[in-house]
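Working notes, structure below.
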Amino acid sequence: MKLKSCLTALILLLCVPAFVRSIRAQENSTDQTTAGPPKFLNMVHQELKPGRSGAYGELETSIARIYSRENMPVFWVELGSITGPAEVLYLNLFDSSEEMAKAMDALSTGLAAHPELVQMQDRLLQENTSNGTSVLGVRRDDMGYRAKTIDFSKMRVLRLSTVFAHPGYERAFMQTEWSLSEASEKVHARSAWAVYEVVGGLPEPSFVIVTPMQSLQDIDGIFEASESLKAAEGGALEQHLQELARIAYGTSDTRLFAVGPRMSHVSKKFAAGDADFWAPATLSATPPASAGKGDKTPPKNVGTPTPKP
């Protein structure tokens, strides 16, 4: 069996030496801590073809069950778009580059032992998706707001903002985030957020700001904080933030996603954060008899990154 599919199934960019050096540099230059969100966040976006959401979900659920049944130590959290185009987002969470490498090895071994998974994953993409991207970010501990309180196992909704900074104005972006964090402290904002610097998959300099929430009602807290900032110091604080953003920001995009436990595959340690919610993601069950059948040979891989490990 060719392993091209399995290599694109995780973080394809890890195969690029310069990319790995960038990861090592980031890892060595920051404090290694397990508190808060993961050190490395791989975000795999898959745009869905019109009308293919149901078929995608059914097949992906079968794939996730096989990973669970076979105890494959390759994990991901699946989310579906609430705003923007119909899209599936996969989060691969790693605390170190060594953990990423182990996941790659486990994936290669697992798919070699279960070639039906390669066929199913290729079908998943070929039949149901139109485009895909894989982005890797490194957590910036010098930015964010109450980031160490974030627990992805409690997340039910994710607010994800991608910001493309003006080249040469990375410092201005950092100052914007520092000021926003300080302002959030002043108005006692409830929603915590973390900043990841993109080191592969998007034009640089770019950053991803993640705000995990326990429900859509938590969006009220974001709006309340925004209104408080407008009122703070007679509006001078908000004006200051806007001026910083105009200097630092090129373009930005913000979307909302909802977690799908049935299409996720998480570790038992991760699931312990809310065992009832994550039960579908850890249940070992036999997939439908039709799963993986109907194709005599796997479809040709078109190079789109596979949506998960």
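Ordered by residue, what ³J(HN,Hα) values in Hz, to whole numbers, does the stretch 94-111 give under the Karplus form 6.51 cos²θ - 1.76 cosθ + 1.60, where θ = phi - 60° and Gly and Pro are x?
Listing the rounded values in order: 9, 8, 7, 5, 5, 5, 5, 4, 5, 5, 4, 5, 5, 5, 4, 5, x, 6 Hz.
Taking H as built 1.01 Å from N, whose amide H comes closer than 5 Å to the amide H of Lys49, not counting residues under 5 places away?
Placed amide hydrogens put Thr129, Ser130 under 5 Å from Lys49.
Using alpha carbons only, how many angstrom separate the centre of the stretch 256-276 from the centre of the stretch 141-210?
So the separation of the two Cα centres works out to 23 Å.
Can you pull the accessible area of Ser96 for me, 1.4 Å probe, Å² to the nearest 10?
30
So which aspartates and glutamates can Lys154 reach, going by Cα to Cα under 17 Å and dropping same-chain residues fewer than 8 places off?
In chain and number order, the partners are Glu78, Asp218, Asp274, Asp276.
Can you give the accessible area of Thr176, probe radius 1.4 Å, in Å² rounded to 10?
For Thr176, the solvent-accessible surface is approximately 10 Å².
If I model a spin label at Thr109 and Ile219 as a point 7 Å from the Cα along the Cα→Cβ vector, what separation in nanometres do I get?
Label at Thr109, label at Ile219, 4.3 nm between them.
Please find the FRET efficiency linking Glu99 to His188, where r is the Cβ-Cβ separation and R0 is fixed at 35 Å, and quote it to the nearest 0.05.
On the way: r = 35 Å, r/R0 = 1.00.
Here the calculated transfer efficiency is 0.50.
Ranked from the most accessible area to the least, with a 1.4 Å probe and all protein chains present, what is the order of Thr83, Thr61? Intermediate values should be presented prior to the final figure.
Details: Thr83 50, Thr61 20 Å².
Heavy-atom accessible area, descending, gives Thr83, Thr61.
Among the aspartates and glutamates, select those whose C-alpha is under 17 Å from the C-alpha of Lys186, and discard any that sit fewer than 8 residues away in the same chain.
Glu177, Glu224, Glu227, Glu233, Glu238
Fully extended, how many nm does the chain gain between Arg146 and Glu70 (0.36 nm per residue separation, minus their Cα-Cα distance)?
Net length gain for the segment: 23.6 nm.
Quick check on the stretch 171-233: take the gyration tensor over C-alpha atoms, sort the square-rooted eigenvalues as a ≥ b ≥ c, and tell me if it's rounded (a/c under 1.5), prolate or oblate. Don't skip to the end; give the middle numbers.
Working: a/c = 2.95, a/b = 1.44, b/c = 2.05.
Cα axes put the stretch 171-233 in the oblate bin.
At 1.4 Å probe size, put Glu78, Glu204 in order of accessible surface, largest to smallest. Write down the numbers at each step before the final one.
On the way: Glu78 5, Glu204 120 Å².
Descending order: Glu204, Glu78.
Heavy atoms only, 1.4 Å probe, whole protein assembly: order Ser108, Ser153 by accessible area, highest first.
On the way: Ser108 30, Ser153 5 Å².
Descending order: Ser108, Ser153.
Suppose R0 equals 41 Å. What FRET efficiency, 1/(1 + (r/R0)^6) with r the Cβ-Cβ distance, do Glu204 and Glu116 give to the nearest 0.05? Working shown, then result.
Details: r = 38 Å, r/R0 = 0.93.
Once the sixth-power term is evaluated, E becomes 0.60.
Amide H of Ala165 versus every other amide H placed in the peptide plane: which residues, excluding those fewer than 5 positions away on the same chain, fall under 5 Å?
Close amide H contacts, sequence-distant or interchain: Ser206, Phe207, Gly250.
Just the accessible area for Arg123, please: 1.4 Å probe, Å², rounded to the nearest 10?
Per-residue accessible area (Arg123): approximately 40 Å².
The values are calculated or read from the model by the stated rules, or taken from the named source; none is laboratory data. Note that the structure is a prediction, hence the values are computed from the model and not measured. All Cβ positions, glycine included, derive from the backbone under ideal geometry; neighbour counts span all protein chains shown. What goes into the accessible areas is simple: the full protein's heavy atoms, side chains included, and nothing from ligands, DNA or RNA. Shrake-Rupley method; radii C 1.70, N 1.55, O 1.52, S 1.80 Å.
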